[in-house]
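Structure first, commentary second.
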Amino acid sequence: MAKIFVITYSTYGHINKLAESVVKGLENNGVEVGRYQIAETLSAEILEKMHAPAKADIPIITVDQLPEADGYLFGFPTRYGSAPAQVKAFFDATGGLWAKQALVGKPVGFFYSTASQHGGQEATVFSTMPFVAHHGLIYVPLGYTNSHLFDNSEVVGGSAWGAGTV
């Protein structure tokens, strides 16, 4: 049985809500799921000023755990068309795994949230490609497999690059 880690960073809970559907879909298809979140780097004082809710009760992942999985689905919000600093810091900490080529050949995908329909969903995924390429991960996009991506009558999230929410 394949083991996929669903790893999120969520400030306001939107990504964790989307992750629930991701996990359900994986489990319904016989996949063993490890559910983790990336550590927060903002202080409690800053989070309070941002009106951010308490963090979900999800285990914090360390980079040393990554080789245990057969693949990964990362979910995080967009920050100015890029991955948030917390995700970048996590990716930056994987240098030892890169040196050992510990993640080579494993599949990876992304899901994301933005504050608006044109808030940088695709650019956010683009910002992760150096991490993917350097580790030799195999990026698995969704393509235009969801009919909502063709619907211009309402605001919807997502793209060919991954699942998303607005």
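The values are calculated or read from the model by the stated rules, or taken from the named source; none is laboratory data. These numbers come from a predicted model, not from an experiment. Heads up, the Cβs are rebuilt from the backbone with ideal geometry, glycines too, and the neighbour counts pull from every protein chain shown. Remember, those area values only see protein heavy atoms, side chains included, never the ligands or the DNA or RNA. Shrake-Rupley method; radii C 1.70, N 1.55, O 1.52, S 1.80 Å.
Quick rundown of the values:
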item: Scope region 56-74; condition at pLDDT 95 or above and among the small types (Gly, Ala, Ser); matching residues; result: ALA69, GLY71
item: Selection count, region 56-73, where residues are outside any helix (DSSP H, G or I) and within 22 Å of GLY109 (Cβ to Cβ); result: 11
item: Candidate set: region 77-88, residues that are of a type in the set (A, V, I, L, M) and either open to solvent by less than 50 Å² (accessible area, probe 1.4 Å) or touching a Gly at 6+ places or on another chain (Cβ under 8 Å) (or both); chosen: the one farthest from LYS55 (Cα to Cα); result: ALA83
item: All positions within region 1-47 that are open to solvent by 30 Å² or more (accessible area, probe 1.4 Å), in a strand (DSSP E or B) and among the β-branched types (Val, Ile, Thr); result: VAL33
item: Residue in region 90-139 that is modelled with the lowest pLDDT, counting only those that are surrounded by fewer than 14 Cβ atoms within 10 Å (Cβ to Cβ), among the aliphatic types (A, V, I, L, M) and in a helix (DSSP H, G or I); result: MET129
item: Where a residue in region 120-132 is among the β-branched types (Val, Ile, Thr) and its partner, wherever it lies, is at pLDDT below 85, with Cβ under 6 Å and at least six apart; result: VAL125/TRP161; VAL125/GLY162
item: Matching residues, region 62-71, being open to solvent by 10 Å² or more (accessible area, probe 1.4 Å) and out of contact with any Ser or Thr (no Cβ under 6 Å at 6 or more places or on another chain); result: THR62, ASP64, GLN65, PRO67, GLU68, ASP70
item: Residue check for PRO53: part of a loop (DSSP other than H, G, I, E, B), open to solvent by 40 Å² or more (accessible area, probe 1.4 Å) and either modelled with pLDDT under 95 or not aromatic (Phe, Trp, Tyr) (or both); result: yes
item: Some residue of region 44-65 being under 21 Å from LYS88 (Cβ atoms) and in contact (Cβ under 8 Å) with a residue 60 or more places away in the chain; result: yes
